[in-house]
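Remarks on the structure that follows.
The values are calculated or read from the model by the stated rules, or taken from the named source; none is laboratory data. The structure displayed is predicted, hence computed values, not measured ones. Backbone-built Cβ (ideal geometry, glycine too); neighbour counts: all protein chains shown. In case anyone asks, the SASA skips ligands and DNA or RNA and just uses the protein heavy atoms, side chains included. Shrake-Rupley method; radii C 1.70, N 1.55, O 1.52, S 1.80 Å.
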2 protein chains.
Amino acid sequence: MDLNSILSSIDNVNGKFIEAAQNRLDSLTKPQGSLGRLEEFARQVVAITENPMPALDKKAVFTFAGDHGVADEGVSAFPKAVTQQMVLNFLTGGAGINVLARHAGSDVVVVDIGVDCDFNASAEAGLKTALTSGRTFISRKIVRGTGNMRKGPAMTRAEAENCISAGVGLANEYAEKGYRIFGTGDMGIANTTPSSAITAVLTGRAVEDITGRGTGINDEIWKHKVQVIKDAIAVNRPDPSDAIDVLAKIGGAEIGGIAGLILGAAANRVPVVVDGFISTAGALIAYSIEPKTRDYMFAAHMSQEAGHRTMLEKLGLRPVLDLDLRLGEGTGAALAMFIIEAGLKIYKEMATFGEAGVSEKR
Amino acid sequence: MDLNSILSSIDNVNGKFIEAAQNRLDSLTKPQGSLGRLEEFARQVVAITENPMPALDKKAVFTFAGDHGVADEGVSAFPKAVTQQMVLNFLTGGAGINVLARHAGSDVVVVDIGVDCDFNASAEAGLKTALTSGRTFISRKIVRGTGNMRKGPAMTRAEAENCISAGVGLANEYAEKGYRIFGTGDMGIANTTPSSAITAVLTGRAVEDITGRGTGINDEIWKHKVQVIKDAIAVNRPDPSDAIDVLAKIGGAEIGGIAGLILGAAANRVPVVVDGFISTAGALIAYSIEPKTRDYMFAAHMSQEAGHRTMLEKLGLRPVLDLDLRLGEGTGAALAMFIIEAGLKIYKEMATFGEAGVSEKR
């Protein structure tokens, strides 16, 4: 896939659609602006889709899974095997993302983009349940775990590009299938480490300021994690003006997949709900490649992970929810989709003052 | 109905249930505590219901409607007739609360507790649609609009008590019908004025600090509204230690109904989601009558209306959502119900580490 042709088809949303949507919102039986951000979400969906009556009925959260060589440095509270174990949990429907996606009426698409194991048998099991359960397993394995970024690049530049292309390809495929809104999600033991590294490089902030506790590490391991990130940046010298270089050297396969999904969503005029810390690292990569992608993003929630606020400030996005989440998988994205859909339903389903015979403001 | 017997059946929730719920949450396939407030909501619902596997399947938002004599002082941007027009809009399903309750899977119970008109014909129409549409109209009219509180008491003490009893009665009736979670809502042109007055008296804050723009008044009318509230407090001298006196003198019928619904929810061990500014004025009344009611309340959202933050601080509640809403009707409560239900589903439906074969934290 030619990334340049994808990028050339991404444009800012057109303010005309924002204005038209607000005109309709102002005709509805409520004080003007009184539904706050619900109105904002509706306007943005109308502008993204360029459709005066869009639908968000078919939803998919894409949970990209990948392993990380840097897990060998002992930066996570959980063993690396949990990545593959959790992928199986996603396929049997017992994980947090399964519960919340069901609740929000979204499918879950589990993408193996870089897990360090062979999923053939389980993939089959996953595919069998797909039609009835809203869960699908897709293999787009680019790497079998990344390299240990403390010792060298996580991926080659070609691998990083292939991760992005895989995400773009999924966006194209699911837009074609009629899905109307995407959510991003991640699974990968140790993946807050590359996400913090990306954030430090792309925002210029100190590593200490944007490195958190991940799944729950203590003070001592946190200090070690900060040092590992500093070493990884020093060893690899990623170029902040070249997001693909950053992704390759200190990123991860699932982060690249997420970045690609966002680029593809923007190219297809599909709203994309960016989950928490790891997903927003992917969003920073996508934004650095093409800033116009921001118009297509919704920030699902404010993560508990230190550094997420810095990322959202860089992107200029205000989160939909603030529920102290720090699980990932796309859990925040699933919930935020429901709220964004609420805004769109307000826009589409409320009666106007005229229809309802309600007196307007004097 | 004897209010004292209701009050005597309200108790704080039992910490044992909180602890048991957290134990289950900690066995699920996620880092401990990583679902933040969703876990808090689940624990609280378990403790409120004293049921280790509660359900929130049957939901109802109660939208209490009443008129206000103080509307004659020109404190609102909308004419008083809008209260009754909006009740009809609720019954035909075109209002914001209808859209959001449908989205969240909740019924809407429209309660005429003090509207200044006769709803007989329309009530019939509303009742006809009730069975199929999830909308019901209930007449519990205590007053036909309140008195103008700038000139004297809004209601008699007996009327205020009857409003509370009406709310308690609805809570009893709907708990009996198997409803598992209640939301509060309001409709009443000019009702931010009594809500601000109640807040000033029950929190001791200056009227200027807790008076907002309601449906959208300009600076000049805002100054006038502040003066009207000060006059109403000076004329009526409500006793801050007697919440029923406060409700009678400077309150409103729908605010009393909401207070009663909350008291009845607590007595029936049903979680109650308190909407925005007007609903929280009702919650302040309920809390002043019986502070243990707080354990049964969820604050739906942080309203845009000035003063709401002060109310929530007084109650010690952190809102579920922050979406710049200021519509009322129960719109925020409907959305928050969905998020609270998400927390409960996490608690009930996620796989444990053992069930999923996922390794625990090292």
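Observations on the model:
- Amide proton proximity set for residue B:323, modelled H, under 5 Å, gap of 5+: B:302
- In sequence order, segment A:75-88 has phi-based couplings of 8, 10, 7, 10, x, 4, 4, 5, 4, 5, 4, 6, 4, 5 Hz under the Karplus curve 6.51 cos²θ - 1.76 cosθ + 1.60, θ = phi - 60°, and Gly or Pro positions carry x.
- Backbone phi angles across segment B:162-174, fed through the Karplus curve with coefficients 6.51, -1.76 and 1.60 (θ = phi - 60°), yield HN-Hα couplings of 5, 4, 4, 4, 4, x, 4, x, 5, 4, 4, 5, 7 Hz in residue order; Gly and Pro are listed as x.
- Accessible area that becomes buried as A packs against B, both chains, 1.4 Å probe, Å², nearest 100: 5000 Å²
- In plain terms, if you count all Cα to Cα distances in segment B:152-238 and split them into 10 Å steps from zero, the share in each step is 14, 37, 30, 16, 3 percent.
- Gyration tensor (alpha-carbon) shape descriptor, chain B, a/c threshold 1.5: prolate
- Averaging the Cα positions of each part gives two centres, and for segment A:297-311 and segment B:41-103 these lie 32 Å apart.
- At 1.002 mPa s and 20 °C, Stokes D of the protein assembly as shown from Kirkwood alpha-carbon radius, µm² per second: 81 µm²/s
- Amide H within-cut-off set for residue B:68, under 5 Å, with H built and near neighbours excluded: B:146
- The amide H of residue B:142, built 1.01 Å from its N in the peptide plane, has B:114 as neighbours under 5 Å, considering only residues 5 or more places off or on other chains.
- Residue (of B:188, B:146, B:133) at the positive-pole extreme of segment B:113-247, dipole from beta-carbon charges: B:133
- The residues of the protein assembly as shown have, on average, 33 Å² of accessible surface per residue, using a 1.4 Å probe with all protein chains present.
- Label point 7 Å beyond Cα along the C-beta direction, distances from residue A:120 to other copies (nm, shortest first): 7.9
- Highest-MSF residue in chain A out of A:210, A:258, A:250 [GNM, Cα springs under 10 Å]: A:210
- Assigned charges on the beta-carbon of Lys, Arg, Asp, Glu; segment A:148-220 dipole about Cα centre (debye): 100 debye
- For segment B:163-254, trypsin sites (Lys or Arg not before Pro) are listed when DSSP marks them as loop and at most 10 other Cβ atoms sit within 10 Å of their Cβ; the list is B:177.
- Chain A - percent of accessible surface contributed by carbon and sulfur, probe 1.4 Å: 47 percent
- Rounded if a/c under 1.5, otherwise prolate or oblate - segment A:255-362, Cα gyration tensor axes: prolate
- Computed extension gain for residue A:19 through residue A:360, at 0.36 nm per residue and net of the alpha carbon distance, reaches 120.7 nm.
- Rounded to whole Hz, the Karplus (6.51, -1.76, 1.60) HN-Hα couplings of segment B:277-293, x for glycine and proline: 5, 5, 4, 6, 4, x, 5, 4, 4, 4, 5, 5, 6, 8, x, 5, 4
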